[in-house]
Amino acid sequence: MIAEPTLLSRSVQKENSVVDVSSCASVHHVSSERNENRQKTVRGKRKARECSENAKRKHSKSSNGSLGRAENEQLKNGDVEAVTLFEVVSMGRNAMQAVVDDWIDAYTGDRDSALLDLISFFIQCSGCKGMVTAEMFQSKKGTDVMSKMVEDLDEDTGLQYKKFLAFPWILTVTWPLDMDSGEYPLIMSGLYWKRFRSHFCEFVSVLVAQCQNCVIFDGYLLNTLISLLTELSDSRVRAFRHTCTLAAVKLLSALVNVALNLSVSVDNSQRLYEVELAKMASKRASPRLDRIQRKISELQDRKCEIENMMDAIFKGVFLKRYRDVIPEIRAICMEELTVWMKLYSSVFLNDSYLKYVGWMMHDKQPDVRLKCVLGLQALYQDQSSSKMDLFTIRFKERMISMTLDKDHEVAIQAMRLLMVISQSCEDVLSPDDHKNVFQFVYCSHRPLATTAGEFLYNRLLSNHELSKPRDGASDQERHRELVLARVRALIHFHTENELHQHVLYLVDSLWDSAGALLKDWTGLTSLLLPHTSCQEQALSSAEEAFVIELILASVRQAAEGPPLSGRGAGKKVINTKEKKLQIDDCTKLTEHFIKVLPELLSKYSEDAEKLASLLKIPQYFQTDTCDHENSQCVRALLAELEAAVDRHTDAGLLEAAARSYQSLCAQDLPWHSLARPSFDRLIQHWTDTLGTRLGESLSDGCFTANEDSTLEFLSTLKKLNAFNVAQDLSKWSLYELGTRLLDVEIKHSGLPMEVTIEALRCMCSCILWKLNTFGEGLTSRESALQQRSQLRAFCEKCHRCLWHAEQLVREQAFMCLSDVLIAHNYQLQMWDSSAGTPLLYTPDPKLQKALLSFVVEHVFTSPEQDTHSSKVSESECGDGRLEDLHRRRNLLAAYCKLIVHSVLEMSMATELFKQYVKFYNDFGDIIKETLNRTRQMDKMESARTLVQCLQQLYLRLKQEQDRGNTCSSRVQTYSSIKELARRFSLTFGWDQIKSRESLAMIHRDGIEFVFKGFVQQSEKHSPPYISYLTILSEFSSKLLKPDKKTIYSYLQKFAGEQVINNREESWMPLIYYRASLMGTAEGEDAISFISSDTNKQPSLSNRSRSPSVRQVNSEGDQRFLSPSLEPKGNELLKSSEDSKVQQAPLSREQLSSSLVSDKVLRSSDEVDVDTVDIDG
């Protein structure tokens, strides 16, 4: 922080005088270091300052001194008395005019003293805690003076100093060493210092404005000020550079205003001279003409002088600072340059100055690029584009590319810049440029998308050619033609765009700018309904489909609003005004579509795709506006809904109809009395039909229906399943129907595959509804037992279906099992003890093993394709390959949910973790998230699972080597196991305390695994599993030094000191592991031995680097599989004492504690493509 400034002490002399200007109390310390007698100097300074204060106050009282009026105003307001310019400017703008007038009066009386006050003001605004010394220049020789213009360190005093010429003085500024690293007013945080910046800039502007008719042209004030600012803006100290650069460019901006005023005066005088000259010779006054001519010459001379000053500032400050290393300085330069161009275009608006803006649009800092773009917007809006033709051509590509800027605000303003250019310069942007820019209506960042939507609307939908009315047309017909023209322009854009088909995102982007068109549901629906006067303008089928999608998207936007999926981080909080507007829109769309929708459904009754979109509209009706007056319309709508679901079996259509029925049958809706009976009749009809067909199709327990009966049976079952997802249909006994079908398939088979799949879905939905409603009231023991028996029976049926001949049936059975078991687990967690006895069911071991076998067989397949799937383009692998990958990811995610929700034991994840490296490209994100979730549940059990995984892979590999067999494609190689261990170590993160126990347990179990049965004295050969230590060393980098020592002691307990120091070839893995614990370079020698041992040990040539030198490897993105779980493992110790205990060395008995520190990691190498064989 800057110390509060005190009164400036000055002593001005006419020749060879020295003036000390102290900005704060610290100057006493600075000056004392230069004198032998410190106390005498301090007393002298204090006395001089007191005399100066008294003299100044007397002067201000008698002659309205430099700060008299400002002090009086502040004292009247009850503020603290201000003495220095810095203090007055810091107080605010109320005293700004007065302090400038006072300073001008003081300058008129004693310009040297007032100018030194101004110089000190700029030094203080830079945060300088040092001293300014001024000495007159008249008696100095030029060569001697120029040799002293330096900025260096005074080794004797330990202070930095800068000596430079600010005519008529040679100024020396001295400051402490730590100033450059400290804060100064322009960068300090807080509202006070933000206001100070604006006050500082205003002071410079007001100073020039008040001086423009007097002292500004005395050849003394501005010359000194420009010299001062030019020299300090070139300082190595950031505070000087930043503050004085800001002051210099603001000074230039103020001079631009002076030049503009002079230009106006010159023009007025020139016109007056022409009027006087046009008079008759008899009436013409020659003295007046001469006086006007002299005035014009004087004004032109002043204007030329001002322009010379502006040129000096531009060359002395701007050209040096617009590429400053500090981005704030570069941004200031660009901001002010565009202001100069806009205000004084005759001088600055040309290619010589525009090139700097073009160059800085490539700046690395977004703030600088943003200032450039904002400045260009103002220039193009100012109808000055004719002077910018060459600039526009040269930098057009850059301006277009800035819409892809990584900073969202820069991209948005670049889009607005292109919008302004398109309006002011018609031919600058080509159709291809417009097409590329309009693609941003589909981008994920909504502000940028809405800006692109505004551009699209202004360019395509607000075209005057679209609004030309047809002669003799009525107002309604003109409105319909305008809507049709705009919609067709939008259709043309949508169909021409081959990249996206997301109408919902297009509507969201256009909502703010084209809301009137999108909310004109009367006009949009009139395009779909028959219109006798415009048959020649009828829409095609594709155009009608687009209009329907447009209507649906606009209805959804009006009812729910943003954000869409992928746009926005969460639900937007709307204010009262927006809420009222949303309710009004919902009321309008409800009143309109309740009347029009039946007619639209009737027209498109044969088109399932269009019907599916139209059937979604009732879901957005406003229930508060429903009344009994629209009963006839509701009956017509229900009739059309029933006809649609009777005629079609499309899954999307049925789902939309089910959701619409759910909305119309709501209890609080006035239409409930009409909709609910209609819904019940429809479900009862389907249930009766299904029961009748099932009775006819079963003969001696076998399904014997013909093809037509099977199709009717299947379509009815699909409809019931679709509606059963939206509403509970348990009272129609659908579960019993599904049970009869599955019993037929299990006992006799022969049931069609699609019927079996639908039966599984039907039973699964019924079970889920029962689980959802179970426990809402008091539950008897008999009811709980019945529910558990039903759940067990369903799981047994699904278990048998896991071995079905058809793969789709197996997958459906697996998904049904996963959903039911997860729902059951969630119900147990949320169970209310007051509801009675909970329902308990645990999958038997056979079912758990069957689930694991299913995942291994159906997910981890085709290794030759999966290993490098990311390197294969979508066009090469085809849609079928991607669809298959999506299906397998869903299966794996479902199984992982069972583990993270504690339905299955954590050890069941071992087989998944084995595939982490091999299938990393396809399933790495899912497996990694599962590993993290299991670690949150139980850190120790999760670590045991990892140990079990690595040891099983190692033992399988060892068995193959002992048999003398080469590693088959079903067995992972040693290098791939080591890579898997490295990937596991990366998942422990950066917290060194959180995983101490887990890592210690991994090392402990690894050491015990290697030296199991090993006797130190009698054994001369290495243990058979000693190479496992090389794999275990991948976790050593996660340990802190105290824990490494403890684990090393634990290693000595098993191996012995003599064995540890053995450097025979067979003991190289032990040396390598020891090096990883001790952090020595011995690991390099061990690696070289192990790498050459190709017969006894797998090759480690790909890992031949010291364990102490590792590089960072990036992991894939996490993908959440299910709602967050409550961690069940040990909680972190929070107190400082516990933290200290955690960091203490671990004893052998406490070896289960360990910590993680992932500071240095190894980069990813090529991983072997072999897989591991899975035992039964």
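Once the Cα gyration tensor of region 625-757 is found, what semi-axes does its equivalent ellipsoid get, as square roots of 5 times the eigenvalues, in whole Å, sorted largest first? Spell out each step's value before the answer.
On the way: eigenvalues 217, 37, 27 Å².
Value: 33, 14, 12 Å, ordered largest first.
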The base-10 log of I(q)/I(0) that the Debye equation returns for region 659-733 at q = 0.14, 0.17, 0.20 Å⁻¹, one scatterer per C-alpha, is -0.53, -0.70, -0.86
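Could you work out the local net charge near His648, counting Lys and Arg as +1, Asp and Glu as -1, over the other residues with Cβ closer than 13 Å to its Cβ? All intermediate terms of the calculation are to be shown ahead of the outcome.
Working: positive: Lys610, Arg647, Lys718, Lys719; negative: Glu606, Asp607, Glu609, Glu640, Glu642, Asp646, Asp650, Glu655.
Net charge around His648: -4.
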Those trypsin sites (Lys or Arg not before Pro) in region 311-372 that DSSP places in a loop and that have at most 16 other beta carbons within 10 Å: Arg323, Lys364
Centroid-to-centroid separation of region 206-272 and region 1043-1077 [C-alpha atoms, Å]: 77 Å
Tail fraction, Cα-Cα pairs, region 691-739, threshold 15 Å, whole percent: 49 percent
Provide the packing ranking of 450-462, 840-852, i.e. peptides ordered by the mean count of other C-beta atoms within 10 Å per residue, highest first. 450-462, 840-852
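Beta carbons within 10 angstrom, averaged per residue: use that to sort the peptides 554-560, 978-984, highest first.
Working: 554-560: 20.7, 978-984: 24.3.
Top to bottom by mean Cβ count within 10 Å: 978-984, 554-560.
Give Lys1012/Lys1053; Lys797/Lys846; Lys978/Lys1053; Lys958/Lys1044; Lys958/Lys1012 a once-over and call out the pairs whose C-alpha atoms are over 19 Å from each other. Spell out each step's value before the answer.
Values: Lys1012/Lys1053 12 Å; Lys797/Lys846 13 Å; Lys978/Lys1053 25 Å; Lys958/Lys1044 28 Å; Lys958/Lys1012 16 Å.
In this structure, Lys978/Lys1053; Lys958/Lys1044 exceed 19 Å between Cα atoms.
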Find out how many positive minus negative residues lie around Ile491, taking Lys and Arg as positive, Asp and Glu as negative, among other residues whose Cβ is under 12 Å from that of Ile491. -2
Lysine pairs in region 552-675 8 or more apart or on different chains: how many have alpha carbons under 20 angstrom apart? 11
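Taken together, the values in this text are just the output of simple stated rules run on the coordinates, not laboratory data. What you see is a predicted model; the values in this text were computed from it and never measured. Quick reminder, even Gly has a Cβ in these numbers, built from the backbone with ideal geometry, and neighbours come from all protein chains shown.
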